[in-house]
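Asker: Shown below is the structure under consideration.
The values are calculated or read from the model by the stated rules, or taken from the named source; none is laboratory data. Here the structure is a predicted model, which means the values were calculated and not measured. Cβ sites come from the backbone with ideal geometry, for glycine too, and all protein chains shown count toward neighbours.
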Amino acid sequence: MIDNREPTLAVRIWRGDAHGRFERYDVPRHPSQTVLDVVSHVQQHVDPTLAYRFACRVGMCGSCAMTVNGKARWTCRTHVDAVAAGEMLEVAPLNHLPIVRDLVVDMAPFFDKWAAAHGAFAPTTTRHDDFARVAPSSAQRRAIDATIECIGCAVCYSSCDVVGWKPAYLGPAALNRAWTLVNDVRDGEGVARLRAVSADDGCQACHTHQSCTERCPKHLSPTAAIAGLKRRVAIAAIKGEL
Amino acid sequence: MRETIATNARAAAWRFVLQRGSAAVLALCVVVHVATMIYAVRHGLTADAIVARMHATAAWPTFYLVFVAAAAVHAPLGVRTVVDEWLGLRGRAVDAALVCFAFLLLGAGSYAVHVLAG
Amino acid sequence: MNRDVAHQGVNSFRGRRNDARARTHPAYWAFIVHRVSGIGLALFLPIHFVVLAQAIAHPATLNAFLDWTRQPAVKLAETLLVLALVAHTAGGVRLLFIEFVGWRADWQKTALSLAAAVALGCALLFALAA
C-alpha cells in the first residue's frame, strides 16, 4: 500500500520477451532518485519476478543500460527528475538486441559483431621482446585516446538506426574498437581488419546520424572513429592494398 | 571465403570512393547550375536565348556532360542504400536494376545535352 | 498494478526498435533532409532530362512549355526543387567535411546551420527572381 501523502511516480516497465507488454507500477518518488532506484524498488517491494541487470550502480560498468523514455541510457546515472515526461517514466530493454526477459537483453550479437570487426588485439611480439615505445603525443596515440574508453555497454548500438534497418551492420561500438586497433602501432592485423570493416554492412553504412555520439555515456564519438575507418579503407582501396 | 571477403571489401570501398568522388564533382556543378538558373530566370531569358548561349562555346556541353556523368554515378549508388535500408531489397537483381538506372540517366542526360548545347 | 497492452511488433531476433524520441538531435534531422531530398532528386532527374530534350528538340513547344512554367503552382514546385537540390548539396558538403577533413565537436552545430542557411538562401533567391 502506497502512503497517499507520499509523492508517487507512475512507471511503465517492459515485461516478458519479444511478445511481452508494458506493465504499470506506482512507486514512491524521492529526490535524487535514479531510474535504477525505481527498477530496484519494483523488484524488491512489488514484483520479485522482474528481471534486470546492474552491477556497480555508480556509472562505471555499463551493465544497467536500458531504454528510458525512448533513449538508451545508464539507469544508475539517470535521475528521474531529468527524464520523467510529466509524471510518467517508461523503462524498456535496450533496442536492437534479442530480449531474454523483461529488461534483460542477449548481448551475444553485440559481441559477435565486435569479433567480426576484428576488435581484438593481434600481438606481434613475445614476452622476450622489449616493450613497445609509443609516444603519447603521436597522432595515432591521440586518435586512440579519443576512442579507448569504450566499455561495451551497447548504448550506442541500441541508439543507431542503421543497426535497426540493417541487422548485419557491425555497429558503432565494434567499428570504434576496430579504429582504436587500426591506430595501434603494435597491432599486427593490418589489412585483414580493414577488409573486415569494409562491406555493405561495414563502416560505409554509417550515415552520420550521430545518435551514437549523442548518447554515449563516456562521451566518445563513434561517428568520428567510423569516418576514420572510411578514409583508411578508401585509401587502401585506391592504393590496391585492400 | 577469404577471396569473397576481400572482393566484397574492395567493392564496398570503391562504391564509397565513387559516391564521395562524384559528390565532390556534383557540388561544384550544382553551384554553377543554380547560379546559371537564377541568372537566366532573373534576366527573363527566352528559349532561343538560352539555346544560343549554350551553343556559343564548347564549355557548356562539356560542363553538362560532366554533370550528367557524375549524376549517373551518384544517384544510383544513393538509391541503392535507400532501397536496402528502407525497402529491405538487396542483391544482384537490385544492383542490375540500378546499373540500368545509371545508363538511363547517362543516355537521357547526354541526349538532352546534345539537343540543348549541340 | 495495471496492465497496458502495447502494440510493439517486436521481432524476436532483432529486438525492439527506436521511435521518434531517439531522433530529436539536429544531426538526425540533417540526415532526414538529405535522404528525402535525395530520393526526390533521383525521381526528378530522369523526368528533367526527358522533358528538357523534348522541349528543346521541338522549339515550338519550348515556348509553350516555358509559358506553362510561369504558373504559380509550377513556380512553387520549381522553388521546392531548387531547395531540395541546394539542401542536398549543402548537407553533402557538410558530410564530406566530416568524413575527410575531420570531426570536431565545436563546429558541428555551426556547420549544420551554415548548410541550412545556404540552402534556404539560394531557394529564396530563386523564388524572388522567378
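Asker: Restricting the search to the range A:205-231, which residues are out of contact with any helix residue (DSSP H, G or I) (no Cβ under 6 Å at 6 or more places or on another chain) and either facing chain B (nearest Cβ under 10 Å) or under 14 Å from residue A:179 (Cα atoms) (or both)?
Answerer: A:220, A:224, A:231, listed by residue number.
Asker: Still on this structure, I have one more. Of the conditions (1) within 9 Å of chain B (Cβ to nearest Cβ); (2) outside any helix (DSSP H, G or I), residue C:24 clears all except one; give me its number.
Answerer: That leaves (1) as the condition not met.
Asker: Filter the range A:137-152 for residues that are in a loop (DSSP other than H, G, I, E, B) and touching a helix residue (DSSP H, G or I) at 6+ places or on another chain (Cβ under 8 Å); which is modelled with the lowest pLDDT? Lay out the reasoning, then the answer.
Answerer: Let us first name the residues in the range A:137-152 that are in a loop (DSSP other than H, G, I, E, B), namely A:137-138, A:146-152.
Adding the requirement that they be touching a helix residue (DSSP H, G or I) at 6+ places or on another chain (Cβ under 8 Å) leaves A:146-148, A:150, A:152.
On the way: A:146: 94, A:147: 97, A:148: 97, A:150: 98, A:152: 97.
It comes out as A:146.
Conditions tested, residue by residue: (1) crowded, with 22+ Cβ neighbours inside 10 Å; (2) under 24 Å from residue A:151 (Cβ atoms).
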{"residue": "A:25", "(1), (2)": "yes, no"}
{"residue": "A:28", "(1), (2)": "no, no"}
{"residue": "A:39", "(1), (2)": "yes, yes"}
{"residue": "A:79", "(1), (2)": "no, yes"}
{"residue": "A:89", "(1), (2)": "yes, no"}
{"residue": "A:98", "(1), (2)": "no, yes"}
{"residue": "A:112", "(1), (2)": "no, yes"}
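Asker: Yes or no: residue A:89 among the hydrophobic types (A, V, I, L, M, F, W, C), on the phi < 0 side of the Ramachandran plot, touching a Phe, Trp or Tyr at 6+ places or on another chain (Cβ under 7 Å) and not in a helix (DSSP H, G or I)?
Answerer: Details: among the hydrophobic types (A, V, I, L, M, F, W, C): yes; on the phi < 0 side of the Ramachandran plot: yes; touching a Phe, Trp or Tyr at 6+ places or on another chain (Cβ under 7 Å): no; not in a helix (DSSP H, G or I): yes.
In short, no.
Asker: Another question about this same structure. Would you mention how many residues in the range A:214-242 are in a helix (DSSP H, G or I) and within 18 Å of the chain's Cα centre (by Cα)?
Answerer: Quick first cut of the range A:214-242, residues in a helix (DSSP H, G or I) only: A:214-215, A:222-238.
Next cut, within 18 Å of the chain's Cα centre (by Cα) only: A:214-215, A:222-226.
Adding up the residues that qualify gives 7.
Asker: Do you know which of the residues in the range A:92-114 that are assigned to a loop (DSSP other than H, G, I, E, B) and free of Cβ contacts under 8 Å to residues at least 60 places away in the same chain is farthest from the other protein chains (Cβ to nearest Cβ)? Even if it seems obvious, please write down each step before you answer.
Answerer: Kept after step one, since they are assigned to a loop (DSSP other than H, G, I, E, B), are these residues of the range A:92-114: A:93-98, A:102-103, A:106-107.
Okay, now just the ones that are also free of Cβ contacts under 8 Å to residues at least 60 places away in the same chain, so A:106-107.
On the way: A:106: 9, A:107: 11 Å.
Among them, the one singled out is A:107.
Asker: Still on this model: Does any residue of the range A:61-79 turn out to be over 13 Å from the mean Cα position of the chain (by Cα), farther than 17 Å from residue C:20 by Cα and among the small types (Gly, Ala, Ser)?
Answerer: No, the range A:61-79 contains no residue that is over 13 Å from the mean Cα position of the chain (by Cα), farther than 17 Å from residue C:20 by Cα and among the small types (Gly, Ala, Ser).
Asker: When you scan the range A:156-173, how many residues do you find that are surrounded by fewer than 24 Cβ atoms within 10 Å (Cβ to Cβ) and touching a helix residue (DSSP H, G or I) at 6+ places or on another chain (Cβ under 8 Å)? Don't jump to the end; show me each part of the working.
Answerer: Restricting attention to the range A:156-173, the residues satisfying the condition of being surrounded by fewer than 24 Cβ atoms within 10 Å (Cβ to Cβ) are A:161-162, A:164-168.
Add one more test, that the residue is touching a helix residue (DSSP H, G or I) at 6+ places or on another chain (Cβ under 8 Å), and what stays is A:161-162, A:165-166.
Looking only at that region, the number is 4.
Asker: Being more than 10 Å from every other protein chain (Cβ to nearest Cβ), buried (at least 19 other Cβ atoms within 10 Å of the Cβ) and either free of Cβ contacts under 8 Å to residues at least 60 places away in the same chain or in contact with a His (Cβ under 8 Å, 6 or more places away or on another chain) (or both) is the filter here; which residues of the range C:92-115 pass it?
Answerer: C:111
Asker: Can I ask one more? Under 6 Å by Cβ, and 6 or more places apart or on different chains, what pairs join a residue from the range A:115-136 that is without any contact (Cβ under 8 Å) to a residue 60 or more places away in the chain and assigned by TED's automatic domain parsing to the domain that holds residue A:179 with one that is surrounded by 10 or more Cβ atoms within 10 Å (Cβ to Cβ) and not β-branched (Val, Ile, Thr)?
Answerer: That search, which allows pairs on different chains as well, returns A:132/A:186; A:134/A:141.
Asker: In the range B:22-38, is there at least one residue being within 14 Å of chain A (Cβ to nearest Cβ) and without any contact (Cβ under 8 Å) to a residue 40 or more places away in the chain? Before the answer, list the steps.
Answerer: We begin by selecting, within the range B:22-38, every residue within 14 Å of chain A (Cβ to nearest Cβ); these are B:22-24.
From the residues that got through so far, the ones that are without any contact (Cβ under 8 Å) to a residue 40 or more places away in the chain too are B:24.
Checked the range B:22-38: at least one residue is within 14 Å of chain A (Cβ to nearest Cβ) and without any contact (Cβ under 8 Å) to a residue 40 or more places away in the chain.
Asker: So which residues in the range B:39-84 are among the β-branched types (Val, Ile, Thr) and more than 11 Å from every other protein chain (Cβ to nearest Cβ)? Full working, then the answer.
Answerer: Here is the first cut: in the range B:39-84, the ones among the β-branched types (Val, Ile, Thr) are B:41, B:46, B:50-51, B:57, B:62, B:66, B:68, B:73, B:79, B:81-83.
The answer is B:57, B:62, B:66, B:73.
Asker: Hey, another quick one. Taking helices (runs of 4 or more DSSP H) that do not extend beyond the range C:42-130, which have at least 2 residues that are within 23 Å of the chain's Cα centre (by Cα)? Explain how you work it out, then say what you get.
Answerer: On the way: elements: C:59-68, C:72-96, C:108-129.
Hits in the range C:42-130: C:72-96, C:108-129.
Condition check ((1) outside the structural domain of residue A:143 (by TED's automatic domain parsing); (2) surrounded by fewer than 23 Cβ atoms within 10 Å (Cβ to Cβ); (3) part of a loop (DSSP other than H, G, I, E, B); (4) of a type outside the set (A, V, I, L, M, F, W, C)) across all residues:
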site	(1), (2), (3), (4)
A:175	no, no, no, no
A:181	no, yes, no, no
A:185	no, yes, yes, no
A:192	no, yes, no, no
A:195	no, no, no, yes
A:199	no, yes, yes, no
A:209	no, no, yes, yes
A:212	no, no, no, no
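Asker: What residue, of B:27, B:52, is small (Gly, Ala, Ser) and surrounded by fewer than 14 Cβ atoms within 10 Å (Cβ to Cβ)? Quick ask: steps written out before the conclusion?
Answerer: Details: B:27 fails: surrounded by fewer than 14 Cβ atoms within 10 Å (Cβ to Cβ).
Only one candidate qualifies: B:52.
Asker: Turning to a different aspect of this structure: Applying the selection to the range B:75-110, what residues are exposed (fewer than 14 other Cβ atoms within 10 Å of the Cβ) and assigned to a helix (DSSP H, G or I)?
Answerer: Answer for the range B:75-110, where residues must be exposed (fewer than 14 other Cβ atoms within 10 Å of the Cβ) and assigned to a helix (DSSP H, G or I): B:86, B:87, B:92, B:93, B:95, B:96, B:99, B:100, B:103.
Asker: Taking residue A:25 and the conditions (1) within 11 Å of chain C (Cβ to nearest Cβ); (2) at pLDDT 95 or above; (3) closer than 23 Å to residue C:17 by Cβ, which numbered condition does it fall short on, given that it satisfies the others?
Answerer: (3)
Asker: Keeping to the range C:59-84, report how many residues are in contact (Cβ under 8 Å) with a residue 12 or more places away in the chain and either touching a helix residue (DSSP H, G or I) at 6+ places or on another chain (Cβ under 6 Å) or among the charged types (D, E, K, R) (or both).
Answerer: 7
Asker: In the set B:71, B:49, which member is in a helix (DSSP H, G or I) and either within 20 Å of residue B:14 (Cα to Cα) or within 18 Å of the chain's Cα centre (by Cα) (or both)? Don't jump to the end; show me each part of the working.
Answerer: Details: B:49 fails: either within 20 Å of residue B:14 (Cα to Cα) or within 18 Å of the chain's Cα centre (by Cα) (or both).
Going through B:71, B:49 in turn, the sole match is B:71.
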